[in-house]
Amino acid sequence: MADSTVTLAKPLALHWQQPGPRLFASIKVSLFLVCLLPLAQLLWHALLGQAVNPIEDLTRGLGTWTLRFLLLTLCVSPLRALGAPGWLLRLRRMLGLYAFFYVCLHLLTYLWLDQFFDWAAIVRDIVKRPFITVGMLAFLLLLPLAITSTDGWIRRLKRNWGKLHRLVYVIAPLGVLHYLWLVKRDIQSPLIYAAILAVLLLWRVWRYLRPTLAARVK
Amino acid sequence: MLIKTLTDRLSADITPQEVYLNRRQFMAGSAGLLLPVSAIAALPATKSPLSTSEPPNSRSDITSYNNYYEFGTGKDEPALYARRLKTRPWTVTVDGEVTKPRSFDIDSLLKMKLQERIYRLRCVEGWSMVIPWLGFPLAELLKQVQPTSRAKYVAFETALRPGEMPGVARRVLDWPYREGLRIDEAMHPLTILAVGLYGELLPNQNGAPVRLVVPWKYGFKSIKSISRIHLLEKQPPTSWNMAAPNEYGFYSNVNPAVDHPRWSQATERRIGEFFKRKTLPFNGYGEQVAGLYRGMDLRRNF
């Protein structure tokens with residue numbers, strides 16, 4: 001069984017061999033533009049569409065896309081293990097930074113269009129409402145990851161960089177929890193995100209424990 | 001014989017010509033029957049001094065942004081799917097602690113003296129609208145069935161039609177949707193049964209053919225597509241209270257001082273406005289209704 005997957009995956013991986021620098025640059029630029037499409041769609045809908053409650057749609061849409069980018073970022077490693085080419089890893093930073101970009105806009109709509117920078121009310125909200133507390137916590141935890149995403153920081157932090165960026169395993173569940181606690185009654189949609197996240201995280205647990213388990217079996 | 005030929009067909013199988021013609025007549029006749037329905041689409045109504053002078057929201061806002069979970073939990077789903085609901089024939093059964101229980105045909109309800117009531121509607125989710133309802137005081141209907149002295153509460157039930165309501169396939173709430181009022185709240189002149197909107201018959205997504213409107217309570221109290229009204233001595237169970245008792249109380253009066261456990265109720269976004277408004281106690285109807293709750297702890301009875 002395992003052999004057959006390898007033989008299947010191998011030619012695929014070979015076919016996807018490292019693209020040349022020019023091709024890779026255009027892949028990067030395309031991805032950059034594609035990641036802006038959700039924002040364009042949300043703004044179009046809010047400003048020019050027939051939205052009845054455009055501000056809420058915008059806030060929710062930006063939050064949803066934050067979660068999607070977080071999950072996409074977490075998909076890269078499992079895809080690699082399934083035989084996807086290595087250069088996919090070099091696109092992960094952009095996906096992570098887009099998660100940060102969308103969460104910044106999401107937070108801005110809350111601070112501005114929902115609270116109109118009434119800082120006393122905002123602080124009350126953060127303290128009193130669990131879904132805002134966890135949302136804000138997730139944002140704060142994402143900050144150091146965004147700051148240390150540059151090549152300089154990767155070099156300076158060495159092995160610690162990887163450890164620091166494992167914070168995403170905390171941030172993503174907080175994001176899903178933020179969504180779950182906000183929903184009034186129909187939790188189907190947050191549960192879908194929770195299920196996808198669970199698969200992505202459990203795969204990592206399995207990968208981490210596999211050597212230990214294999215040793216024990218021996 | 002495997003292959004039927006024309007001669008195999010009995011003459012009895014063939015629709016006689018006069019019946020065939022009758023069918024045409026019948027169809028023409030029903031087209032005629034449809035005419036009065038479209039004619040009463042414009043409902044005659046008198047203006048009411050209980051209306052707000054605030055500008056109402058657009059008809060398209062009111063009819064495309066709805067919470068009506070029987071047709072799905074998305075705001076746009078009721079407008080997409082509620083047309084499946086057959087609102088004719090329709091009866092509203094009124095029974096329980098009443099001297100004269102009876103069923104009201106929807107056409108008899110449409111013949112009641114209708115008033116236009118332009119009310120604010122505040123949703124528990126933090127948005128609000130101004131809606132020009134057409135309807136009549138619930139008290140007028142209740143007087144006809146003569147509540148007994150034991151009638152302390154009024155329970156309402158939405159019709160449950162799994163074949164016409166795609167949303168009830170999922171048990172998001174314990175169907176059928178149920179709501180309730182204390183009898184004095186039900187008899188209050190502000191409490192109406194609405195059958196119309198913007199001068200016309202109520203669109204399905206807004207609760208056709210007949211719904212409750214209690215403007216000083218959060219929107220979910222104003223139950224849609226009512227099939228049964230039941231008067232009783234004890235406080236009836238209500239859908240949202242059953243679903244999350246710590247979040248949705250039986251009274252659910254609009255109250256900026258009592259937050260929803262998960263979000264603030266101090267402000268609201270009036271649909272169509274950029275800035276948020278301060279939410280008013282009893283949705284601004286305090287002058288008329290605060291007396292109903294004198295001596296009650298509204299923090300506990302939220």
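If the requirement is being open to solvent by 30 Å² or more (accessible area, probe 1.4 Å), of a type in the set (D, E) and either within 14 Å of chain A (Cβ to nearest Cβ) or closer than 16 Å to B:V130 by Cα (or both), which of these qualifies: B:E268, B:E273, B:E200?
The match here is B:E273.
Would you tally the residues in the range B:101-131 being among the hydrophobic types (A, V, I, L, M, F, W, C) and open to solvent by 40 Å² or more (accessible area, probe 1.4 Å)?
Qualifying residue count for the region: 0.
Any residue in the range B:212-227 that's free of Cβ contacts under 8 Å to residues at least 60 places away in the same chain and open to solvent by less than 10 Å² (accessible area, probe 1.4 Å): show its pairings with residues that are part of a loop (DSSP other than H, G, I, E, B) and not β-branched (V, I, T) at Cβ separation under 7 Å, as long as the two are six or more apart or on different chains.
Qualifying pairs under 7 Å: B:V214/B:S222; B:K221/B:S252.
Any chance you could count how many residues in the range A:140-174 are open to solvent by less than 40 Å² (accessible area, probe 1.4 Å) and under 30 Å from B:V172 (Cα atoms)?
3
Tell me the helices (runs of 4 or more DSSP H) entirely within the range A:139-200 that contain at least 1 residues that are of a type in the set (S, T, N, Q).
A:159-165
Kindly list, by first and then second residue, each pair from a residue in the range A:187-207 that is free of Cβ contacts under 8 Å to residues at least 12 places away in the same chain and within 20 Å of A:T64 (Cβ to Cβ) to a residue that is in a helix (DSSP H, G or I) and open to solvent by 40 Å² or more (accessible area, probe 1.4 Å), limited to pairs with Cβ atoms under 8 Å and residues at least 6 apart or on different chains.
The qualifying pairs are A:I187/A:L180; A:S189/A:Y179; A:L191/A:L180.
Matching residues to (1) closer than 16 Å to B:Y177 by Cβ; (2) open to solvent by 40 Å² or more (accessible area, probe 1.4 Å):
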residue	(1), (2)
B:P55	no, yes
B:S60	no, yes
B:Y68	yes, no
B:G74	no, no
B:A79	no, no
B:R84	no, yes
B:R88	no, yes
B:D95	no, no
B:T99	no, yes
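If we only count helices (runs of 4 or more DSSP H) wholly inside the range A:33-112, which ones have 3 or more residues that are over 24 Å from A:L167 (Cβ atoms), open to solvent by less than 40 Å² (accessible area, probe 1.4 Å) and in contact (Cβ under 8 Å) with a residue 12 or more places away in the chain?
Hits in the range A:33-112: A:37-47, A:54-81.
Could you please find all residues in the range B:244-256 being within 12 Å of another protein chain (Cβ to nearest Cβ) and surrounded by fewer than 21 Cβ atoms within 10 Å (Cβ to Cβ)?
B:A244, B:E247
Among (1) at pLDDT below 95; (2) crowded, with 23+ Cβ neighbours inside 10 Å, there is one condition B:Q205 misses while meeting the rest; what is its number?
(1)
All but one of (1) modelled with pLDDT of 95 or more; (2) open to solvent by 80 Å² or more (accessible area, probe 1.4 Å); (3) closer than 30 Å to B:Y68 by Cα hold for A:L177; which doesn't?
It fails just one condition, (2).
Please find, within the range A:130-180, the residue that is nearest to the other protein chains (Cβ to nearest Cβ) out of those that are among the small types (G, A, S) and within 20 Å of A:C104 (Cα to Cα).
The selected residue is A:G135.
Which numbered condition in (1) free of Cβ contacts under 8 Å to residues at least 60 places away in the same chain; (2) away from every other protein chain (no Cβ under 14 Å); (3) surrounded by 20 or more Cβ atoms within 10 Å (Cβ to Cβ) is the only one that B:N241 fails?
Result: B:N241 fails condition (2) only.
The values are calculated or read from the model by the stated rules, or taken from the named source; none is laboratory data. Keep in mind that what you see is a predicted model, and the values were worked out from it rather than measured. A quick note on method: Cβ atoms are made from the backbone with ideal geometry, for glycine too, and the neighbour counts reach across all protein chains shown. The accessibility values were calculated without ligands, DNA or RNA, using every heavy atom of the protein model including side chains. Shrake-Rupley method; radii C 1.70, N 1.55, O 1.52, S 1.80 Å.
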